[in-house]
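Undergrad: Below is the structure I would like to discuss, written out as structure tokens.
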Amino acid sequence: MQQFLFASAQDNDTATLVRDCLEQIGEVPAEANLGFLYATDQLADHLQVILTQLQREIPAVQWVGTVGMGICSNFQEIYDRPALALMIGSFASDSFRILPNFVGDPDTLPRELEDWYRSQGFSFALLHGDPSNPETASWLAGLANGQVFDFINGGLTSSNSSNPQLAGSLTSGGISGVLFNEQVQISTDHTQGCSPIGPVHQITQAERNIAVTLDQRPAFEVMKQDIGEVLAKDLSRLGGYIFAALPIAESDTGDYLVRQLVGVDPERQLVAVGDWLEKQDRLMFCRRDGNTAQEDMQRMLERFSRRIGEQQIRGGIYISCLGRGRYQFGENSEELKMIQQKLGDFPLVGFFANGEIYNGRLYGYTGVLTLFL
């Protein structure tokens, strides 16, 4: 099997959704063994029923996935209604392993997974995390910083109700997904939805998530200078437009993590950020708008085009932020259509996440594209 199998359906009836997808797929090759499934959150409480139907009809396929408040169905974004998108691939049986629900210290990983990983010398992980568990971010950091896996992509479930995941079976509450070894050829990259608006500042005093001074000056004073006189006079306009960015020390591409401005205190000259600042060295401010997001998306796709060349894309997974999609690119799936226009037609599934994972770090307002070649 060259390109992966793809199917998608929209319907209020769960059985009809699955039947429609199976009819689109047709006969499944014997070598097909791994499926990626993403459903809108209207189906969160029906995911077990969907999984049971698929396992009954295609017993050789193991499933990973989750739900989102929007999903990627080839090059169409689907929101606000029951919808299902699935992609089935064929991989060497010894080239991947399912990571069941993981809750706890990385040292508690199942022995069979750790032994398999250690014997491979390389492992790419596609993981889904539960945003309702306050420990999810620290567990993810433990997996990344402990060098358990070489490269981790994925995203946090987004839902108005429960936060189920699929990892061979239905699960929730932690981190789950699938691991690949070097037999699987993967190309991946990410795109930011923000752009810096000032210089990088040294954090010279911070208390927990509060920046007290930057470059030995009051943090609020520094922020006002960077954002400009117009915004500084109307701080109510900052929300959803101005953010803090934490540069990644070891990055050679100027990469950074975007975090919310939780609040500002003009009287005490403080700026509160949605991350722990005491362990950070630097901070800059950035803005978020549609133009900067589209420009950076195009840059990412150009990098993919140069890297891939004439290789065929077997399938792809795109995990984008809930704040992107229709809010930054428009109502007609423009974000996904940019991928299609640059890289061509291939099966693509994914979802709009509550936080995006790229190279083991938790991002915001980011799109993460993973391609199987």
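Undergrad: Using the Kirkwood radius built from alpha carbon pairs, what does the Stokes-Einstein equation give as D for segment 190-298 at 37 °C and 0.692 mPa s, in µm² per second? The partial results should precede the final answer.
TA: Working: Rh = 14.0 Å.
Once the numbers are plugged in, D ends up at 235 µm²/s.
Undergrad: Okay, next question. Just how far, in whole angstrom, is segment 53-93 from segment 126-157 if you go by their alpha carbon centroids?
TA: 21
Undergrad: Rolling a 1.4 Å sphere over the protein heavy atoms, what is the accessible area per residue of the chain, to the nearest Å²?
TA: Numbers: 15600 Å² over 373 residues.
Heavy-atom accessible area per residue stands at 42 Å².
Undergrad: To continue, here is another question. Set the Förster radius R0 to 25 Å, insert the Cβ-Cβ distance between Gln298 and Gln3 as r into 1/(1 + (r/R0)^6), and round the FRET efficiency to 0.05.
TA: 0.55
Undergrad: If exposed means no more than 13 neighbouring beta carbons inside 10 Å and the site is in a DSSP loop, what's the longest run of the chain without any exposed GluC sites (Glu not before Pro)? Write out the running numbers ahead of the final one.
TA: Values: sites that count: Glu27, Glu31, Glu182, Glu250, Glu267, Glu278, Glu310, Glu331.
The longest such stretch corresponds to 32-181.
Undergrad: Given the protein chains as shown and a 1.4 Å probe, how many square angstrom of Tyr256 are accessible, to the nearest 10?
TA: About 20 Å², ignoring ligands and nucleic acids.
Undergrad: Where the accessible area of the chain is counted over protein heavy atoms with a 1.4 Å probe, how much of it, in %, is carbon and sulfur? It would help to have the intermediate numbers written out before the result.
TA: Working: 6850 of 15600 Å².
Roughly 44 percent of what the probe reaches on the chain is carbon or sulfur.
Undergrad: Is the shape of segment 284-373 rounded, prolate or oblate, going by the alpha carbon gyration tensor and its root eigenvalues a ≥ b ≥ c, with a/c under 1.5 for rounded and a/b larger than b/c for prolate?
TA: Details: a/c = 1.58, a/b = 1.46, b/c = 1.08.
Judged from the Cα gyration tensor, segment 284-373 comes out prolate (a/c at least 1.5, a/b above b/c).
Undergrad: Something else now. GNM, the chain, Cα, under 10 Å: largest mean-square fluctuation among Ile319, Ile98, Ile25?
TA: Looking only at Ile319, Ile98, Ile25, the largest GNM fluctuation is found for Ile25.
Undergrad: Further, regarding this structure: So which cysteines in the chain don't have a second cysteine's C-beta under 4.7 Å from them?
TA: By the Cβ distance rule, which asks for a partner under 4.7 Å, the isolated cysteines are Cys21, Cys72, Cys321.
Undergrad: Follow-up question, since we're still on this one. Enumerate the lysines that Lys224 could reach by cross-link, defined here as Cα to Cα under 16 Å, with residues fewer than 8 away along the same chain left out.
TA: Lys233
Undergrad: While we're on this one: Just to be sure I understand: with springs between alpha-carbon atoms less than 10 Å apart, which residue in Phe351, Phe91, Phe124 has the highest mean-square fluctuation in the Gaussian network model of the chain?
TA: Phe91
Undergrad: Note down the accessible area of Thr188, probe 1.4 Å, to the nearest 10 Å².
TA: Accessible area of Thr188: about 20 Å².
Undergrad: Still on this model: Give the dimensionless ratio obtained when the Cα radius of gyration of the chain is divided by 2.2 N^0.38 Å. Please list the in-between numbers first.
TA: Details: Rg = 21.0 Å, N = 373, 2.2 N^0.38 = 20.9 Å.
In units of the globular-protein estimate, the chain measures up at 1.01.
Undergrad: Can you give the three extents of the C-alpha atoms in segment 126-199 along their principal axes, from longest to shortest, in whole Å?
TA: Extents along the principal axes, in whole Å: 46, 37, 21.
The values are calculated or read from the model by the stated rules, or taken from the named source; none is laboratory data. Please read these numbers as outputs of a predicted model, since none were measured by experiment. Backbone-built Cβ (ideal geometry, glycine too); neighbour counts: all protein chains shown. What goes into the accessible areas is simple: the full protein's heavy atoms, side chains included, and nothing from ligands, DNA or RNA. Shrake-Rupley method; radii C 1.70, N 1.55, O 1.52, S 1.80 Å.
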